[in-house]
Amino acid sequence: MKVAYWPGCVSRGFAPELHGAMARVAPLLDIELVELDRAACCGAGVIAEHNQELADTLNARTFALAQQEIAKGADLMMNICSTCQGAQSECQERLDANTPYRDHVNETLSAEGLTYEKGIANKHLLWLLVEEIGLDAVKAKVKRPLTDLRVGPFYGCYIVRPTTRLGIDREHPRDRYLHQLIDALGGTVVDYAGQYKCCGFPIITMNQQASLTQAGRHVGDAMDAAADCLVTPCPLCHLNLDLQQPAAAGIVGRPLNMPVLHLPQLLGLALGLEPKELGMDKHVVKPSSVIDWSTSVVASAA
Amino acid sequence: MPDYTLRIRRYSPESGEAAHWDEFPVDLEGHRSVLDGILQIKDRLDGTVGIRCACQQAICGSCGVRVNGRPVLACHLHLDEAFERAADGVIVVEPMGNMPVLKDLIVDMHEVHWKKIQRVTPWLIPDGDPPEREYIVPRDKMIDVTQTMACIQCGACVSDCLSMEVDPLFIGPAALAKAYRFVGDPRDGQQEQRVRDLAEDPHGIYDCTHCFNCIEACPKGVAPMSQIMRLRRIAGDHGIEDRNNGHRHETAFVRNIEKNGLLHEADLLPDSYGGKFHPRAVPVLVSSLPTIVRALQRRKVTPARALLHKHKAPKEVKRIFRDVHDREERYELNLYVVGEEENGQ
């Protein structure tokens, strides 16, 4: 399968291990990544908050660039960031629902010779795994089942709400896909209070106390539920849950020690890749409870 | 006739007893509402179950509860749909969140919701003397606020607001949507004062964490979070440099992308506080040092990458910023107002 690949900003910025892990995992699943290297940031909701048309135009441009790759043989557009998925889905909803508006945005793009045609398929890796590749096929490639590993899914916000915009329905229970994937990889799903809540990242510069209280509580809840690690489809959540975890521990007043994995890292471990190849040494919270470094095998906390 | 089981959270503060759960069978068809089920329980099995309700047709906003963990109007959810989402076949009904429980499913709307509504000065303050006859307002100037006018004050969005969960003083989605109803009203004369007040409040418009829970919760399509974003845009129009760094963060983000095409995080943090050497930024950067050092230690970021951002915005991206910013008026499509086209359009 060939995809027009949008890695987003953070996976090439403060969470480089995500982009790296994706590059390692892709060939194992026969995914050919054609990177959209001319595209710009999705706006993460902030550009839309500043000027909706600006965000819609930037993302229409990204879609148009992806459609050029689709015309050349890519199957669809793929991203690896929930925030990109949510922000782009929001723009796509407006662009697809109103022809005069789409024409107006395309007018701006026309100077570059680009046009967005309504109805692009833009799927997060998580959706692609379940809907395009299929969990049975993923399961068949598992070399190192995550036996006894207790994994807490952290969905966050952008990839699950609003449900209609994100195409969550009976046929597409996308708000259960992390559960299904952990299960397919042989791990044990740990449910805990914060799995669909906000990591707090969007307000880290405006209200640090509230932001880190959110992150700290969710990590604490997962510890109380005896999870070995969390897995998230969103690198921005990863920043608040991992990079900021020591600070969050200070705010919520309890010690926290919860490794947080990016989705392709969890996948890569099960597919037999080594933790270092997946950039797991770049995390602030060392994934010791996930990895036995001496043997490089996956193990739950003793 | 199909049977359903409702598990209802019971709590009476005066009793001195802890909250507990009671299960009741309900003998109704699946197309009847969860509220019908609760009322049947009150009628046949236990008259002491507390629920507030009135119209039973999703317009009075009285019967907000959580069903299977999600905020809904009890009268607006069919038993068969609730059953489908019930984890173990039992429909779980509990009071809304973020508000104190008065009894069973009844929460104290006054203590949280209505006080916050009062907070935003929810009435029109026109400039000058009123006209002799009615105000004449062009239709297109008023239509923008119709979305917030659809609010029925049920509190579903307040129940699940994730910012309010960690900051109870957050003004919250319902009250801020109400604020936009007046900020966006062309007859109001206090737009700037209103948005300045809401922007400067540490628990105001910049305390919203963008989690979409209120959009998901609202039974009337008000999309409170979208109204909060409108308030932020208007605060920006008035050039309000709020003490919460909300507007500065927004501006820093937009400029960052205009310059780099992709986000350069190492610049965004200091710029959100006014720039690396601004007195406001220095204490923040100092207090962030442990985090920065950890990131460097773990080779998440290298000093070279943090200081020099290789990626620059293509000229076409810069042109889009220019073109859109140069427009005389913002083009803001609201699907609630214009609706979605039929397929094939």
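Couple of notes before you dig in:
- Subset of segment A:1-55 (residues that are without any contact (Cβ under 8 Å) to a residue 24 or more places away in the chain, crowded, with 19+ Cβ neighbours inside 10 Å and not in a helix (DSSP H, G or I)): A:13, A:40, A:51
- Condition check for residue B:141: assigned to a helix (DSSP H, G or I), in contact with a Leu (Cβ under 9 Å, 6 or more places away or on another chain) and assigned by TED's automatic domain parsing to the domain that holds residue B:201: no
- Index of the failed condition, residue B:294 passing every other in (1) free of Cβ contacts under 8 Å to residues at least 60 places away in the same chain; (2) under 30 Å from residue B:222 (Cα atoms); (3) buried (at least 16 other Cβ atoms within 10 Å of the Cβ): (2)
- Taken as a whole, the condition of being open to solvent by 40 Å² or more (accessible area, probe 1.4 Å), among the aliphatic types (A, V, I, L, M) and free of Cβ contacts under 8 Å to residues at least 40 places away in the same chain does not apply to residue A:160.
- Single residue of B:282, B:338 found to be open to solvent by 60 Å² or more (accessible area, probe 1.4 Å), closer than 30 Å to residue B:149 by Cβ, of a type outside the set (Gly, Ala, Ser) and outside the structural domain of residue B:197 (by TED's automatic domain parsing): B:338
- All positions within segment B:195-227 that are in a helix (DSSP H, G or I) and open to solvent by less than 20 Å² (accessible area, probe 1.4 Å): B:195, B:198, B:199, B:205, B:206, B:207, B:214, B:217, B:224, B:225, B:227
- Matching residues, segment A:220-259, being of a type in the set (A, V, I, L, M, F, W, C), more than 21 Å from residue A:146 (Cα to Cα) and outside any loop (DSSP other than H, G, I, E, B): A:236, A:237, A:239, A:241, A:243, A:247, A:248, A:249, A:251, A:252
- Residue in segment A:250-260 that is at pLDDT 95 or above, among the β-branched types (Val, Ile, Thr) and open to solvent by 50 Å² or more (accessible area, probe 1.4 Å) present: yes
- Counting the residues of segment B:297-345 that are at pLDDT below 85 and more than 7 Å from chain A (Cβ to nearest Cβ) gives 13.
- Test for residue A:103: is it among the acidic types (Asp, Glu) and either facing chain B (nearest Cβ under 8 Å) or within 24 Å of the chain's Cα centre (by Cα) (or both): no
- The condition (being of a type outside the set (Asp, Glu), within 18 Å of the chain's Cα centre (by Cα) and at pLDDT below 95) is satisfied by just one residue among A:10, A:3: A:10.
The values are calculated or read from the model by the stated rules, or taken from the named source; none is laboratory data. No experiment lies behind these values; they were computed from the predicted model shown. Positions of Cβ are generated from backbone atoms using ideal geometry, with glycine treated the same way; all protein chains shown enter the neighbour counts. Heads up: the accessible areas ignore ligands, DNA and RNA and are worked out on the full protein's heavy atoms, side chains in. Shrake-Rupley method; radii C 1.70, N 1.55, O 1.52, S 1.80 Å.
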